[in-house]
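Below is one structure; the comments refer to it alone.
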Amino acid sequence: MGRDARPLVVRCGAFGDMILVTVLIRDLAARFGTDVDVLTSGPWSEPLLLGQPGVGEVICVRSRKSPYWLSRSQRQAVRRLRARGNGPVWYCDADPAARALLTRAGIGDQFIVDVQQHPLEAGEHATQQWRRLARATPACAAPAADSHASPIPSLSTTAGGCRLEVSERQRADVEAWLIARLGCTSPPPLIAVQMGNKRTMRRGLKRLAANHKHWPAERWATVLRHIRSRHPTHAILLLGAATEYELNQQIVTATRIDALYNVADDLPVPRLIAVLERAQALLTVDSGPAHAAAAVGCPQVVLFGRASTSLYRPWGMAGADVKVLTGQIGAEASMLGIEPAAVIRAWDELTHASGAGRGAYPG
């Protein structure tokens, strides 16, 4: 086995998790002067990561927990890992399932930096933890790769936060798609709304009451009517995965305002990223699209439930304004403790500060 493989990041996470880990990939690419390969899972990972600066090969498995001999994607991943050779690995999962694939590929512990050995520090944001991990070195790093590594950047002098780049092809796709979807000749400025999250439709609408990131339909309707009154010429797009289409449609029916479009049935990842770059602002729950919006510079109001705002607050390198709202029911953090009036107030402050001209792509 060779000892000159590129750095490898192992992260099998949700959509937002994969956006956050791009910070680690970016820093490792700068440190080693080469692209970074990624071992991951989830249908969103390849379309999200491929083509982003610093990303090399993306090796994706359908499931890490299926029996190995029944999983074609696991066997293919192991073959690809063996072919690339030994090199430094940053293992970023709390779940040890993917470690078995590294073992099968002949990658020993001496080549691995494990996030479990670099726990989160008090008050640290997720991106700060990843940047700190990028400075760690395996006990037996590949000499050929490490000898060409650049000096490790100082965390105090380099920018943090996430960044996603949008291609001209993505932008052209969104323009053509908007014209067809909205039935217009020139797309209007956009406002984006993300009401669902990965838990929303896991077992259908009946699970909404047990979903701590769920905000009731009547509250969304109240806020959306206000947004329409404040932005009469904007198209309001309800984002989401295809499984969130039904939830969005309930809001469309309850709200009854013009130019409110449920686009969750036709929003692949590259298009979602470009829509967020084009939008004037985003209203969202704590979700993957919230992190994507920050990564492309879209201002947003984000509603948090139980998740730690200090750890998961959307943070992008572009420095767009992010207004975080939290609430309580009794003594416990709860999104249900956030009233529509608070969201409306935050939205008005956000859009007043960001201006009404963010309707097209930045120059």
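The values are calculated or read from the model by the stated rules, or taken from the named source; none is laboratory data. Owing to the predicted nature of the structure, the values given are computational and were not obtained by experimental measurement. Using ideal geometry, Cβ is built from the backbone for each residue, glycine included, and neighbour counts are taken over all protein chains shown.
Counting just the residues of the stretch 35-87 that are closer than 30 Å to PRO289 by Cα and basic (Lys, Arg), which one comes out surrounded by the most Cβ atoms within 10 Å (Cβ to Cβ)?
Ranking the qualifying residues of the stretch 35-87, first place goes to ARG64.
With at pLDDT below 95, surrounded by 13 or more Cβ atoms within 10 Å (Cβ to Cβ), in a loop (DSSP other than H, G, I, E, B) and not assigned by TED's automatic domain parsing to the domain that holds HIS214 as the only criterion, which of GLY196, GLY160 stands out? Full working, then the answer.
On the way: GLY196 fails: not assigned by TED's automatic domain parsing to the domain that holds HIS214.
The match here is GLY160.
So if I check each of SER308, SER287, which one is of a type outside the set (Asp, Glu), under 14 Å from the mean Cα position of the chain (by Cα) and not assigned by TED's automatic domain parsing to the domain that holds GLY16?
Details: SER308 fails: under 14 Å from the mean Cα position of the chain (by Cα).
SER287 is the lone residue from the list that is of a type outside the set (Asp, Glu), under 14 Å from the mean Cα position of the chain (by Cα) and not assigned by TED's automatic domain parsing to the domain that holds GLY16.
For the stretch 229-262, how many residues are within 23 Å of SER186 (Cα to Cα) and assigned to a loop (DSSP other than H, G, I, E, B)? Even if it seems obvious, please write down each step before you answer.
We begin by selecting, within the stretch 229-262, every residue within 23 Å of SER186 (Cα to Cα); these are 229-239, 257-262.
Those still in the list that are assigned to a loop (DSSP other than H, G, I, E, B) too: 231-234, 239, 257-259.
So the count comes out to 8.
Looking at the stretch 322-330, can you tell me whether even one residue there is of a type in the set (Lys, Arg) and touching a Leu at 6+ places or on another chain (Cβ under 6 Å)? Please lay out each step first, then the result.
Kept after step one, since they are of a type in the set (Lys, Arg), are these residues of the stretch 322-330: 323.
Applying the additional criterion that residues be touching a Leu at 6+ places or on another chain (Cβ under 6 Å) yields 323.
For the stretch 322-330, residues of a type in the set (Lys, Arg) and touching a Leu at 6+ places or on another chain (Cβ under 6 Å): present.
Do any residues in the stretch 88-103 that are farther than 10 Å from GLN116 by Cα have Cβ atoms under 8 Å from those of residues that are in a loop (DSSP other than H, G, I, E, B) and of a type in the set (Val, Ile, Thr), where the two are at least six apart or on different chains, and which pairs are they?
Within 8 Å, the pairs are PRO88/THR137; VAL89/ILE107.
Could you count how many residues in the stretch 338-357 are modelled with pLDDT of 95 or more and either surrounded by fewer than 16 Cβ atoms within 10 Å (Cβ to Cβ) or over 17 Å from ALA235 (Cα atoms) (or both)? If you could, list the steps in order and put the result at the bottom.
Of the stretch 338-357, the ones modelled with pLDDT of 95 or more are 338-350.
Cutting the leftovers down to either surrounded by fewer than 16 Cβ atoms within 10 Å (Cβ to Cβ) or over 17 Å from ALA235 (Cα atoms) (or both) gives us 338-346, 348-350.
Matching residues across the stretch 338-357 total 12.
So GLU57 clears everything in (1) out of contact with any Lys or Arg (no Cβ under 6 Å at 6 or more places or on another chain); (2) of a type outside the set (Phe, Trp, Tyr); (3) under 30 Å from SER310 (Cα atoms) except one condition, right? Which one?
(3)
I need every pair where a residue in the stretch 171-199 that is more than 16 Å from GLN300 (Cβ to Cβ) and touching a residue at least 12 places away in the same chain (Cβ under 8 Å) has its Cβ under 7 Å from the Cβ of a residue that is among the acidic types (Asp, Glu) and part of a helix (DSSP H, G or I), sequence separation at least 6 or different chains.
What qualifies is PRO187/GLU175.
Need at least 3 residues that are under 15 Å from VAL223 (Cα atoms) per element, so show me which helices (runs of 4 or more DSSP H) inside the stretch 269-363 make the cut, counting only ones lying wholly within it.
Values: elements: 269-278, 288-295, 309-312, 340-354.
Counting at least 3 such residues, we get 340-354.
Go through the stretch 3-95 and tell me which strands (runs of 3 or more DSSP E), entirely inside it, have 1 or more residues that are in contact with a strand residue (DSSP E or B) (Cβ under 6 Å, 6 or more places away or on another chain) and either at pLDDT below 95 or of a type in the set (Ser, Thr, Tyr) (or both).
Values: elements: 8-10, 36-41, 55-61, 89-91.
Answer list for the stretch 3-95: 36-41, 89-91.
Here are LEU247, LEU276: which of them is farther than 18 Å from GLY51 by Cβ, buried (at least 18 other Cβ atoms within 10 Å of the Cβ) and not β-branched (Val, Ile, Thr)? Before the answer, list the steps.
Working: LEU276 fails: farther than 18 Å from GLY51 by Cβ.
The unique qualifying residue is LEU247.
Identify, by number, the condition in (1) under 22 Å from HIS125 (Cα atoms); (2) in contact with a Gly (Cβ under 7 Å, 6 or more places away or on another chain) that LEU49 doesn't meet.
Going through the list (1) under 22 Å from HIS125 (Cα atoms); (2) in contact with a Gly (Cβ under 7 Å, 6 or more places away or on another chain), LEU49 breaks only (2).
PRO119 versus (1) assigned to a helix (DSSP H, G or I); (2) over 26 Å from PRO289 (Cβ atoms): which is the lone unmet condition?
Of (1) assigned to a helix (DSSP H, G or I); (2) over 26 Å from PRO289 (Cβ atoms), only one is false for PRO119: (1).
Find the residue count for the stretch 103-139, including only residues that are over 19 Å from ALA29 (Cα atoms) and more than 25 Å from the chain's Cα centre (by Cα). Step through it out loud before you land on a result.
Kept after step one, since they are over 19 Å from ALA29 (Cα atoms), are these residues of the stretch 103-139: 103-110, 116-125, 139.
Still in the running and more than 25 Å from the chain's Cα centre (by Cα): 103-110, 139.
Selection size over the stretch 103-139: 9.
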